[in-house]
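Asks: One structure follows; several queries about it will come next.
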Amino acid sequence: MRTPGVLSRRPVRLRLALLYSGLFLLAGAALLAVTYGIVANTLRSTVPPQRIAAITDSSGSISSCKANATTVAQAEACKQEAIAAAQGIADQAAQDQRDLALSHLLDVSAAGLAAMAVVSALLGWIMAGRVLRPVHAITAAARRASQENLGERIALAGPEDELKELADTFDAMLARLDAAFASQRRFVANASHELRTPLTVMRTAIDVTLAKPERTPAQLEAMAAEVRQGAGQAERLVEALLTLARSDRGTGPRSVLDLAVLAEDALDAAAPAIKADSLRVTSGLEPGLAVGDQVLVERLVRNLVDNAVRHNVAGGWLAVTSGSREGQAFVSVANSGPVIDELEVAALFEPFRRRCPHAGPDAPEGSGLGLSIVESVVRAHHGDIVAAPVQDGGLQVTVLLPVGGQGHADGRG
């Protein structure tokens, strides 16, 4: 059974208020104990004998003893009895006064401490509310945040303390989530559009051919070729999407790879396109051993070479180098081509980003995912990627992969 209400929840504000008042009670009790001890040691419970003798002498008791005594011994004995009686009376009076003063001090201090404890609890409740106000703002923003509503920010003002740091961190997290969801929505929209294009081409080719009353074998062959081309485009796009999804999810089993061998294989695969565009190829392939997912790294190198060939110019050039430096393996691909502004380089790595999205039939084919896959694979391998435009036109992309990595020893990514 749980008690409903505030006590069952034990909110932080209540705990802080109780903590403040508890600390005040402890400090007040310690101060009261010290004060009580000092006062108790200061107040005397006895009267000094010299003072008793003076009081007794001034009262006439000693003079009376001297007058009534017949001998000196009797007078001295009478004097001592008078002083002893006065000492007892004075000590009792001093003790009673001391006890009364200490009791009064204790009562007044305890009452004041109780009153201040109540006041401290109230002030602690108020101050805890003020301190926790930014936390309530963060909680409200977290409740309002959703996939469709990530634009709100706390924007907490005030001193640079831990709560403001927490609020700024939460705002930064919301900004990253907003950007990630926006990128995901753009990716899904672009992917659906890219997949719809070859399907539309294939359907149009089939519908146009079937609409003809007398279809010739040549027309059917042309339709089949067009459908095959559209199916190949869709297949390449689906394969690119699957590769991108796999690299975003992380790497699989890792092994030692030589980037020089992978670059040579990629150049061999692109040889027909290189020959068709009369490209001059220069290569400096030194061994570059890296540890990574073979399927993803092979796709990375092939995408770099394919991108350099596809976005080149007839009679242009292509340069591929590889090797090791500063404990990392690298592969670098540079090509001639259209002049690229330095501000456009970062945008080339966005999914489905093409420099000429509405180009004509002579535009280079591609899904717009080549460099996006390269960046995703590099990120999955905790490597680095550097891209820069070539001065006379074209692009140079250099990828650096670590020689070793977590998961190499056990074969896991």
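The values are calculated or read from the model by the stated rules, or taken from the named source; none is laboratory data. Here the structure is a predicted model, which is why all the values come from computation and not from measurement. No Cβ is skipped: glycine too gets one built from the backbone with ideal geometry, and neighbour counts run over all protein chains shown.
Asks: Among the residues of region 129-145, are any over 30 Å from Ala179 (Cα atoms) and surrounded by 11 or more Cβ atoms within 10 Å (Cβ to Cβ)?
Replies: Checked region 129-145: at least one residue is over 30 Å from Ala179 (Cα atoms) and surrounded by 11 or more Cβ atoms within 10 Å (Cβ to Cβ).
Asks: What number of residues within region 308-339 satisfy the criterion of being under 36 Å from the mean Cα position of the chain (by Cα) and under 18 Å from Asp277 (Cβ atoms)?
Replies: Counting residues in region 308-339 that are under 36 Å from the mean Cα position of the chain (by Cα) and under 18 Å from Asp277 (Cβ atoms) gives 1.
Asks: Here's a follow-up. Determine the pairs where a residue that is in the same structural domain as Ala266 (by TED's automatic domain parsing), located within region 322-349, has a partner that is in a loop (DSSP other than H, G, I, E, B) and polar (S, T, N, Q) with Cβ atoms under 8 Å apart, the partner being 6 or more residues away or on another chain.
Replies: That search, which allows pairs on different chains as well, returns Asn335/Asn312; Ser336/Asn312; Gly337/Asn312.
Asks: Among the residues of region 299-322, write down those that are on the phi < 0 side of the Ramachandran plot and small (Gly, Ala, Ser).
Replies: Ala308, Ala314, Gly316, Ala319, Ser322
Asks: Need the failing condition index for Asp268 against (1) in the same structural domain as Ser372 (by TED's automatic domain parsing); (2) closer than 26 Å to Pro351 by Cβ; (3) of a type in the set (Asp, Glu), just the number.
Replies: Against the list (1) in the same structural domain as Ser372 (by TED's automatic domain parsing); (2) closer than 26 Å to Pro351 by Cβ; (3) of a type in the set (Asp, Glu), Asp268 comes up short only on (2).
Asks: Please work out which residue is modelled with the lowest pLDDT, limiting yourself to region 240-273 and to residues that are outside any helix (DSSP H, G or I) and among the charged types (D, E, K, R).
Replies: Arg254
Asks: Additional query: Being modelled with pLDDT under 90, touching a His at 6+ places or on another chain (Cβ under 9 Å) and closer than 30 Å to Ala231 by Cα is the requirement here; does Pro357 meet it?
Replies: Taking the combined requirement at face value, the residue does not satisfy it.
Asks: Does region 176-197 contain at least one residue that is at pLDDT 75 or above, more than 23 Å from Ile373 (Cα to Cα) and surrounded by 14 or more Cβ atoms within 10 Å (Cβ to Cβ)?
Replies: no
Asks: Checking the condition loosely packed, with under 15 Cβ neighbours inside 10 Å, over 16 Å from Leu371 (Cα atoms) and of a type in the set (Asp, Glu), which residue from Asp293, Asp258, Asp341 passes?
Replies: Asp341
Asks: Can I ask one more? Is it true that Ala347 is at pLDDT below 90 and at negative phi?
Replies: Yes; evaluated as a whole, the condition is true for this residue.
Asks: Just to be sure I understand, how many residues within region 260-286 are without any contact (Cβ under 8 Å) to a residue 40 or more places away in the chain and touching a Lys or Arg at 6+ places or on another chain (Cβ under 7 Å)?
Replies: 1
Asks: Across region 97-113, what is the total count of residues that are over 12 Å from Tyr36 (Cβ atoms) and either surrounded by fewer than 12 Cβ atoms within 10 Å (Cβ to Cβ) or in contact with an Asp or Glu (Cβ under 6 Å, 6 or more places away or on another chain) (or both)?
Replies: Residues that pass the stated criteria total 2.
Yes or no, residue by residue, for (1) more than 29 Å from Ser376 (Cβ to Cβ); (2) assigned to a helix (DSSP H, G or I):
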| site | (1), (2) |
| --- | --- |
| Ser103 | yes, yes |
| Ala111 | yes, yes |
| Ala115 | yes, yes |
| Trp125 | yes, yes |
| Thr139 | yes, yes |
| Gly158 | yes, no |
| Leu166 | yes, yes |
| Ala182 | no, yes |
| Ala189 | no, yes |
